[in-house]
1. Which listed residue (Thr166, Ser187, Gly149) has the Cα farthest towards the positive end of the charge dipole for the range 144-195, taking +1 on Lys and Arg C-beta and -1 on Asp and Glu C-beta about the Cα centre?
2. Could you pull the Rg and Dmax for the range 179-258, using just the Cα atoms, both in Å?
3. First compute the accessible area of the range 68-119 with a 1.4 Å probe, then give the percent of it belonging to carbon and sulfur atoms.
4. Roughly what % of DSSP beta bridges within the chain run antiparallel, to the nearest 5?
5. In nm, give the distance between the simple-model label positions of Asn249 and Glu213, each being 7 Å from the Cα along the Cα-to-Cβ direction.
6. What is the packing order of peptides 239-250, 29-40, taking the mean over residues of other C-beta atoms within 10 Å and listing the highest first?
7. Quick one: putting +1 on the C-beta of Lys and Arg, -1 on the C-beta of Asp and Glu, what dipole do you get for the range 1-133 around its Cα centre, in Debye to the nearest 20?
8. List the residues whose amide H sits under 5 Å from the amide H of Gly67, counting only those 5 or more places along or on another chain, with H placed 1.01 Å from N in the peptide plane.
Amino acid sequence: MKKVALAFDLGGTELRAALVDEDGNLLSFSAVPTQAAGGPDAVIRQIELLAAAVAAETPDLVPVGIGIGAPGPLDPEAGVVIAAPTLTGWHEVPLADILSNRFQLPVRLENDANAAAVGEWRYGAGRGARSIVFVTVSTGIGGGVIADGRILHGRRGLAAEIGHMTITNEGERCFCGAIGCFEAVASGTALGRRATAHTQPFDGSMLRALSAEADVTGRNVVDAARRGDAQALELLEAEARWLGIGFTNLLHLYSPDLLVMGGGISHGFDLLHDLITATIRDRAMPAYRDVPIVPALLGRHAGLIGAASLVLESDAATHSETPGLTDPADSDAASSAARKEASNG
Ligand SMILES: [Zn+2]
């Protein structure tokens with residue numbers, strides 16, 4: 001019988017749970033809006049209820065452990081959420097210990113972006129690679145680095161805070177307080193902000209016609225560009241240049257086998273790709289110029305699948321003589337079901 005893990009993805013807006021097997025398949029899934037303002041107790045209660053809901057769908061399966069992705073900064077070794085900016089009252093919460101006591105199971109806590117990086121590495125676009133950089137470009141920019149077959153953690157697990165590397169000395173202030181963060185110039189939010197500034201309500205532009213809100217979103221820009229709108233294409237061109245600059249830094253720093261781009265803005269990956277790579281060719285040193293830039297494959301479930309695999313892998317390590325990390329090439333049979341789910345989401 002296949003081993004399964006209970007996985008959670010704790011986000012500021014949504015809390016998701018799934019039972020995931022060794023091939024990265026989601027066997028059951030449930031999600032609720034996160035009671036982000038309710039503090040840790042309310043959210044932990046939600047986690048218990050979701051676990052029960054997921055277990056009820058698959059009563060014959062017993063998980064070997066729990067993997068949970070949560071917003072950083074967090075300490076994966078200590079299992080402590082340090083200070084999640086999107087969750088009220090989460091300061092130094094020993095989430096792994098709390099869940100381990102409630103469920104009587106081993107728990108692995110990981111930064112949500114790292115968990116998604118692991119998911120893409122083991123079951124998605126990064127399968128077979130030794131080193132990847134995963135970048136998610138949506139409301140913000142996050143990411144994770146797999147270096148030489150393991151997650152790069154750094155002190156207290158704080159490494160690879162990709163969205164907050166400084167790449168310019170001007171522009172809007174980032175939510176972190178600094179000027180010129182990668183996230184502040186290249187996130188979906190930044191793209192939407194530029195589109196909003198370039199248009200007026202009811203000006204007859206396609207960008208405004210597509211936007212249901214007062215502001216144009218990054219996703220609106222991608223959709224308008226896909227329909228050939230000149231204004232949107234111009235905005236995407238600037239977006240691709242910023243992404244290319246950030247990615248060039250990441251190639252120089254981490255020298256990955258490939259760079260995987262996910263997040264909402266990766267819906268426009270085909271429109272962005274050529275200009276991103278042209279920017280990299282202009283800026284990167286020759287040895288880095290041929291690193292493939294590829295779209296993520298697992299969509300919104302990458303974090304759940306990655307968090308589960310951390311538990312399944314450490315369970316395998318304790319039950320056999322083989323060293324901890326599974327060779328990602330072993331997971332070739334991975335998850336057509338998960339991928340199908342992902343492409344729908
Ligand atoms: Zn910042």
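The values are calculated or read from the model by the stated rules, or taken from the named source; none is laboratory data. Because the structure is predicted, anything quoted here is derived from the model rather than measured. Backbone-built Cβ (ideal geometry, glycine too); neighbour counts: all protein chains shown. Accessible surface is based on the protein model in full, side chains and every heavy atom, while ligands, DNA and RNA are left aside. Shrake-Rupley method; radii C 1.70, N 1.55, O 1.52, S 1.80 Å.
1. Gly149
2. 14.2, 46
3. 50
4. 60
5. If labels sit at Asn249 and Glu213, their model points lie 2.5 nm apart.
6. Ranking, from highest mean packing down: 239-250, 29-40.
7. 220
8. It is Leu6, Ala7, Phe8, Arg108, by chain and number.
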